[in-house]
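Input: a single structure, listed below in structure tokens.
Rule-based calculations on the coordinates, nothing more; no lab input. Since the structure is predicted, the reported quantities are computational estimates derived from the model, not experimental observations. Using ideal geometry, Cβ is built from the backbone for each residue, glycine included, and neighbour counts are taken over all protein chains shown.
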Amino acid sequence: MTPPIEFTSSLTIDTTDKEQSLVDWLDTKERDLLLKALQKWDNAKTESVESLEKLPELEDRNFRIDSTNWKEIISPNGIKVKENPEGDVREYLEEDYKGEQLFTGDEFDKDWSVIREWSATRETKKAGKKLPASRTVYRDIINKKYEWSYQDFLTGEKMIFAGWHGPHHKRFITIDRGFHLRCADDSSFNGYRNDWDYHKWFRYYGFSVRCLKD
């Protein structure tokens, strides 16, 4: 009888009590290859678990601040909102997105030094919260936590399709169809019902904010 193979990890193959198995049909070289493949699989799984443990976690809902005494306005496309005194945060007052807030990004000079912290950075700092470092944080969460299942990401992270606010036409766009989430480097992750992408340059636009868990 062919000597048994014993390999113990998160996957176990033990042929000790088997009179005959697939292993009986393998020669010494093939058995060595099988053991190496199993070890490689086990190492990859361990690395995947460790990578997932290091992955930043998003908070369960979008960031918002106290909007007491903000003025109420109606946008050119008929959306009723509240606006903060600085004019860089807006909060929906109706529809399914009541209470959701949109924040502007930072303003940079030509050397990428911040010359003005707009609402997303200013307000998260006040609250002691951290923004995702960059748009790739969301990509990594979709990849490593949800194995590239975007729909599972939408459900699991409770994403809100709050749209965005344009600084030039003053309108609220893609409500119920898309969302845009600000990051610390002023990039944004953009989600839609069936797809996603990201951008770098839309610092004046009003986007949602999702902070990281402490």
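For Gln39 and Trp148, what does the FRET efficiency come to when R0 = 41 Å and r is the distance between their Cβ atoms, rounded to the nearest 0.05?
Working: r = 26 Å, r/R0 = 0.63.
E between Gln39 and Trp148, to the nearest 0.05, is 0.95.
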From the backbone phi of region 69-76, what are the Karplus-calculated ³J(HN,Hα) couplings (6.51 cos²θ - 1.76 cosθ + 1.60, θ = phi - 60°) in whole Hz, Gly and Pro given as x?
6, 6, 7, 9, 9, 10, 6, x
Cα→Cβ-extended label distance, 7 Å offset, between Asp214 and Lys126, nm:
1.9
Under the classification rounded if a/c is under 1.5, otherwise prolate if a/b is larger than b/c and oblate if not, where does region 71-199 fall, given a ≥ b ≥ c as square roots of the Cα gyration tensor eigenvalues?
oblate
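Take Ile74, Ile141, Ile173 and order them by how many other Cβ atoms sit within 10 Å, fewest up front.
On the way: Ile74 10, Ile141 20, Ile173 16.
Lowest to highest Cβ neighbour count: Ile74, Ile173, Ile141.
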